[in-house]
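A.B. asks: Quick one: structure below, then a few questions.
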Amino acid sequence: MALLRPRLVAALLALCACACGMARPAAAANVSITTCRSFCGNITVDYPFALHPGCGHAGFRDLLYCIDRTLMLHLPSGSYRVLDIDYAYRGLTLHDPAMSDCRAIDRSPGGRGNGFVVEPWRAPFLAPDPDNVFLLLGCRASSPLFQGFPDQHLPCRNVSGMGCGDYYGCPAWDDYGRRPSGAAYGSAVPPECCAVSWGAIRAVNVSRLQCEGYSSAYSLAPVRADGAGGWAYGIRVAWALPEANRGFCGACRATGGACGHDVESRGDLCLCGDWNSTSNCDSSADAAPSSAAAPGAAIAALLLAVLASGLSSGSIANM
């Protein structure tokens with residue numbers, strides 16, 4: 001019996017290599033486990049955050065981007081520079097360049113600054129800290145903030161000892177050309193400044209609230225006696241994971257894996273090199289099914305048929 005032609009054999013071997021590659025278990029978005037923990041500038045990006053698809057928790061997907069060594073966070077309200085990620089206390093510090101502070105008032109009739117608006121599906125995972133105050137500036141009397149209580153301004157109140165009364169003492173008002181006077185939320189309709197917490201309104205959309213601008217400050221320690229000049233300006237955001245998920249990443253890492261998620265189902269995955277697990281890298285019984293296995297098997301079957309046909313044809317031709 002004569003052997004198959006060398007060209008046919010070479011072609012079959014190439015197809016076999018392709019089929020074997022497709023039949024291997026698929027990784028989450030084909031990401032190496034060594035890339036899930038990364039850096040952007042001097043900030044470490046680690047679980048539950050990630051810069052690569054398939055890494056981190058699904059609740060924080062499509063959130064962080066590294067642009068020219070600057071870590072940016074993107075939400076429907078806009079893009080923010082990430083100044084810090086605090087993994088111990090589960091917080092991020094964000095900067096909005098169009099936000100007012102104690103040194104400069106930035107306002108316009110159409111509204112200045114991003115504010116803070118998060119997608120409804122992401123809200124359980126990400127929200128401003130309860131000790132973060134939003135100071136809304138120049139809001140019109142028709143603003144949704146004041147509907148229902150035009151005289152009392154019930155939504156306006158100090159948050160963690162920070163409010164408009166102290167903010168009126170900032171030197172930025174001198175440069176702005178008009179320093180408010182009197183009680184912070186007194187008889188003026190509407191007040192020049194309205195301090196609110198995130199929990200009071202759940203979305204800080206500056207233009208929708210009919211405000212000209214905003215400031216934001218947060219407190220990580222007791223407020224100092226030097227007033228608004230000593231506040232920390234920025235948006236302090238707290239992040240959280242579902243209770244059922246909290247032990248998953250520790251178990252995954254303890255067995256040498258990296259914590260990620262399925263890019264289609266959004267379920268938790270422990271990335272174990274060339275295979276994935278729904279629990280940890282010691283539990284091969286929990287291996288995640290590979291969507292690539294079926295096409296690979298089909299190609300393998302096709303190759304067997306081609307090989308059998310080639311052998312048959314070669315045998316007949318050389319009898």
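The values are calculated or read from the model by the stated rules, or taken from the named source; none is laboratory data. Worth saying up front: this structure is predicted, and the values here are computed from it rather than measured. Every residue, glycine among them, receives a Cβ derived from its backbone with ideal geometry; neighbour counts consider all protein chains shown. Note: areas computed on protein heavy atoms with side chains; ligands, DNA, RNA excluded. Shrake-Rupley method; radii C 1.70, N 1.55, O 1.52, S 1.80 Å.
A.B. asks: Tell me, what is the FRET efficiency for residue 123 and residue 52 to the nearest 0.05, using R0 = 22 angstrom and their Cβ-Cβ distance as r?
C.D. replies: On the way: r = 24 Å, r/R0 = 1.09.
It comes to 0.40.
A.B. asks: Would you check the accessible area of residue 84, probe 1.4 Å, heavy atoms only, in square angstrom rounded to 10?
C.D. replies: Around 60 Å² of this residue is reachable by solvent.
A.B. asks: For the range 59-143, place one equal point scatterer on every Cα, skip the solvent, and apply the Debye formula. What is log10 of I(q)/I(0) at q = 0.10, 0.11, 0.15, 0.16 Å⁻¹?
C.D. replies: Listed by q, the Debye log ratios stand at -0.30, -0.36, -0.66, -0.75.
A.B. asks: Quick one: accessible area per residue over the range 33-135, 1.4 Å probe, rounded to a whole number of Å²?
C.D. replies: Using a 1.4 Å probe on heavy atoms only, each residue of the range 33-135 averages 45 Å².
A.B. asks: With each pseudo-label sitting 7 Å past Cα toward Cβ, what's the residue 232-residue 245 distance in nm, one decimal?
C.D. replies: Here the modelled spin labels are 2.4 nm apart.
A.B. asks: Here is a follow-up. Report the Cα centroid-to-centroid distance between the range 43-84 and the range 85-150 in angstrom, as an integer.
C.D. replies: Their Cα centres are 19 Å away from one another.
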